[in-house]
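The values are calculated or read from the model by the stated rules, or taken from the named source; none is laboratory data. It should be emphasised that the depicted structure is a prediction, and the values quoted were computed from it without experimental measurement. Note: ideal-geometry Cβ built from the backbone for every residue, glycine included; neighbour counts use all protein chains shown.
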Amino acid sequence: MKILFIHNVSVWGGSLRSLHETIRVLASHKSISEIHLILPNCEHINKFEKYAKVHSFKAIPQYDTTEYGKYSGFRKLILIRELYAYLLFCIDFKRFKSTQCHFDIIHFNEIVSFNSISSVLKKAFPCSKIVCHVRSLQRQIGFPHFASSGLKARADALIVIDDCVESTINKEFHYKTHIVPNIFVSIEDNDFELRTRDQTEELRLLYIGGLNWEKGPDRVLACAKLIKNRKLNVVITFAGIKESNKNAIRKIIDFTLNILNIRKSIRKKDVTKFIESNELEGKINLLGFQEDIRGLFCDHDVLIFPSRLNAPGRPSIEAMSCGLPSIVFSNFGSNIIIIDDETGYNISNEDVDKLVDRIELILNSPDRLEKMKKKSLLHFRELFSEDIHRNKILEVYKEVLKN
């Protein structure tokens, strides 16, 4: 099989890391003859060159159909940027097409890029089968007609990362939908040691997500305030906070986007001010970007991820790989990642008080925590092995090629 992957952003985030892991395990399989990757210009291209032929584009447009990406009010201005990105893409794609004649599979790593350019790809490679990865919850109300028509006409298969995402896919597409959880780097037993907490010690909570508003840093701060009020022996590590090195123009742009509600953000100085004004020194530790993410997990007891994305998120699974249970905000209850009272807790209705209730429950039950740690590690190894992931992806490819 000759496969073309397409990814729309250059940030080394969860979706790009998951793509790297997928390409890595597919590249060594005997049924794969070539892997190509279209990616925006970025510093991470060299990470893929060992496994795929990388084609660097100036831009790849996207149209957001997620629950949290509605183009309303001033956010409609973003579409001007996407139109410009579309023009740049077409120029680069014309050059790319002159060097390629056929692909068996075209795999969009995000539905947002499928929405914007799948018609271009299908016209250029009419015999190719198109697979679309869906990694985020889709809109239940106001899903664009053109996007729905595109899925119906051009997507031969949809791959969703969990049952939460699947529940937001229109039922008319369920016959072509497959659940394939993201793959994660394998971890051997002797690579780390689980932290054992004595009941007299503080409970160490870890939050990873930086100051990205969608990940819920403001909710973590509210959680810390409640923990202090309840006089709980709990410490929160706030990881991934980067020092701002933006110039004055960039800061003005970010401030304007925040005011217009186009892109919300929280500044480090706001976090520091909140800590000082609420006397939370000693209750919150601020850390910058961490290379040794595994060491960070192994030094904590529980991950908290109160995001606005209404899904467990990649940090929850990475934590699970080191035996950490997670407490997340999700209205879907138990799912294939977070099994309530076994690998963590799902908090519905974005209730910070309930989040603190679960933290207090774990704080006062060391035996419960140890059982959840062991179950989390076991669940990770059963669900996210490389062989399982690769075989499921290949099954999807083989199925669409038969039809």
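Tabulated results
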{"read-out": "Residue within the stretch 375-392 that is part of a helix (DSSP H, G or I) and in contact with an Asp or Glu (Cβ under 7 Å, 6 or more places away or on another chain) present", "value": "yes"}
{"read-out": "Members of the stretch 88-113 that are of a type in the set (D, E, K, R) and buried (at least 22 other Cβ atoms within 10 Å of the Cβ)", "value": "110"}
{"read-out": "Residue that is modelled with the highest pLDDT, among those in the stretch 310-335 that are of a type in the set (Gly, Ala, Ser) and touching a strand residue (DSSP E or B) at 6+ places or on another chain (Cβ under 9 Å)", "value": "326"}
{"read-out": "Unique match (being over 14 Å from residue 226 (Cβ atoms), among the charged types (D, E, K, R) and assigned to a helix (DSSP H, G or I)) among 353, 367, 357", "value": "367"}
{"read-out": "Residue 107 closer than 30 Å to residue 377 by Cβ and in a strand (DSSP E or B)", "value": "no"}
{"read-out": "From 136, 118, residue being at pLDDT 95 or above, among the small types (Gly, Ala, Ser) and closer than 26 Å to residue 182 by Cβ", "value": "118"}
{"read-out": "Residue 139 vs. criteria in contact with a helix residue (DSSP H, G or I) (Cβ under 6 Å, 6 or more places away or on another chain), among the charged types (D, E, K, R) and surrounded by fewer than 22 Cβ atoms within 10 Å (Cβ to Cβ)", "value": "no"}
{"read-out": "Unmet requirement for residue 382, which otherwise passes all of (1) surrounded by 14 or more Cβ atoms within 10 Å (Cβ to Cβ); (2) without any contact (Cβ under 8 Å) to a residue 60 or more places away in the chain; (3) closer than 30 Å to residue 106 by Cα", "value": "(1)"}
{"read-out": "Test for residue 366: is it buried (at least 19 other Cβ atoms within 10 Å of the Cβ), of a type outside the set (Val, Ile, Thr) and outside the structural domain of residue 179 (by TED's automatic domain parsing)", "value": "no"}
{"read-out": "Which listed residue, of 264, 283, 273, is touching a helix residue (DSSP H, G or I) at 6+ places or on another chain (Cβ under 7 Å), at pLDDT 90 or above and either surrounded by fewer than 19 Cβ atoms within 10 Å (Cβ to Cβ) or of a type in the set (Lys, Arg) (or both)", "value": "283"}
{"read-out": "Any hit, the stretch 15-32, residues being of a type in the set (D, E, K, R) and either without any contact (Cβ under 8 Å) to a residue 40 or more places away in the chain or surrounded by 20 or more Cβ atoms within 10 Å (Cβ to Cβ) (or both)", "value": "yes"}
{"read-out": "Residue identified as within 19 Å of the chain's Cα centre (by Cα), assigned to a loop (DSSP other than H, G, I, E, B) and at negative phi among 335, 346, 310", "value": "335"}
